[in-house]
Ligand code: DAH
């Protein structure tokens, strides 16, 4: 009987080691304590056949084994329950700090906004103040103040949108509407030099195609002082272009006509937008016409100015290899997600 008890205990302990979940533990418990065929139950049933003088000792031993086995069973049960709880917590835990949006849906910067920021940063670094301006504007600031004579063909060339029943107003066809406004605002009555940049949206009644939009962006800047010359103009424009592209860019100046500069130029840059290297027209520029300086309150005999206006869409198209200007305003995510 003693040996049987010892071997049941040994067997129990060996099997307990192999138990890895609660249902296996349940089975093990049945194997040893099941009311009909449990190994320990069977032994207990044999107590009645034990000789009287041994009953006490065997009975004590049996109680001890039962207590031990039961204790080990309960400990194992507690361990397994703890483990199972931990598994559930791991699976079902919610990280409240983790955003639920999938990665691809995070917003990002539109290439136009990035270009505007790069150009604005360059302007600020060179001491230009940066201002916004009205898109619906008086014809005075868009044309008259800029030395466009009333019936001059240059007005027609800008394909301007006019406003019904308001002949004095138009949608600005260039951001040059800011020139006289800003010079008046910051020159303190024509007594102080100034530098300003004024990017913004402009509008033209264009036939739309891959290189023409009705709504696009220009980036303009001007500087007025008593010792400005064409070398300054070239240097400043080069600096803006190379800070946008982060590399040296080949540029060329050609004579160009704009009523508000004298002399006037057009700036081309060498780039490949899918047709091989070519010269692409990027900007108009020049030294500010004396009539414009006068209109702004400066004495043109004492003061000179430089000014340039760039097509920002085109600059950015060259930077990123964008082949169609209509992408900028299309709202097409397949385009936008590439940046
Ligand atoms: N405003 C002109 C345009 O839209 C571009 C331009 C030419 C701007 C000469 C300037 C400039 O500041 O000096 O075509």
Notebook entry, point to check: P(r) tail for the range 188-242, what percent of Cα pairs lie past 12 Å?
Noted result: 75 percent
Notebook entry, point to check: Among 279, 303, what is the fewest-to-most ranking by other Cβ atoms within 10 Å?
Noted result: 279, 303
Next item on the list: Evaluate E = 1/(1 + (r/R0)^6) for residue 291 and residue 164, where r is the Cβ-Cβ distance and R0 equals 41 Å; express this FRET efficiency to the nearest 0.05.
Entry: 0.85
Check: Quick one: Cα centre-to-centre distance for the range 252-317 and the range 82-100, in angstrom?
Finding: 63 Å
Note to self: Let me test this: with uniform point scatterers at the alpha carbons of the chain, what is the Debye-based log₁₀ I(q)/I(0) at q = 0.06, 0.11 1/Å?
What the structure shows: -0.44, -0.80
Note to self: Pairs of alpha-carbon atoms within less than 8 angstrom and 6+ residues apart define the contacts here; what relative contact order does the range 188-270 have, in percent?
What the structure shows: 20 percent
Note to self: I want to check the label-to-label distance for residue 140 and residue 96. Put each point 7 Å from Cα in the C-beta direction and report it in nm to one decimal.
What the structure shows: 6.0 nm
Check: What is the range 111-336's relative contact order, in percent, from Cα pairs under 8 angstrom and six or more apart in sequence?
Finding: 22 percent
Margin query: Of the candidates 73, 136, 306, which one comes out as most mobile in a Gaussian network treatment of the chain with C-alpha springs shorter than 10 Å?
Written below: 73
Notebook entry, point to check: By how many nm would the segment from residue 333 to residue 72 grow when fully extended, if each residue of separation counts as 0.36 nm and the alpha-carbon distance is taken off?
Noted result: 87.6 nm
Notebook entry, point to check: With labels modelled as points extended 7 Å from the Cα through the Cβ direction, what inter-label distance (nm, one decimal) is found for residue 24 paired with residue 50?
Noted result: 3.2 nm
Item checked: the range 2-92: radius of gyration and largest Cα-Cα distance (Dmax), Å -> 16.0, 60
Margin query: Restricting to DSSP H runs of at least four residues, report the calculated mean residue ellipticity at 222 nm for the chain, -39500 (n - 2.57) per run over all residues, nearest 500 deg cm²/dmol.
Written below: -13500 deg cm²/dmol
Next item on the list: Kindly state, to the nearest 0.05, the FRET efficiency for residue 84 paired with residue 39, given R0 = 30 Å and r defined as their beta-carbon distance.
Entry: 0.65
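Just so you know, all these numbers are worked out from the coordinates, no wet-lab data involved. Source: prediction; values computed, not measured. As a convention, Cβ positions derive from the backbone with ideal geometry for all residues, glycine included, and neighbour counts pool all protein chains shown.
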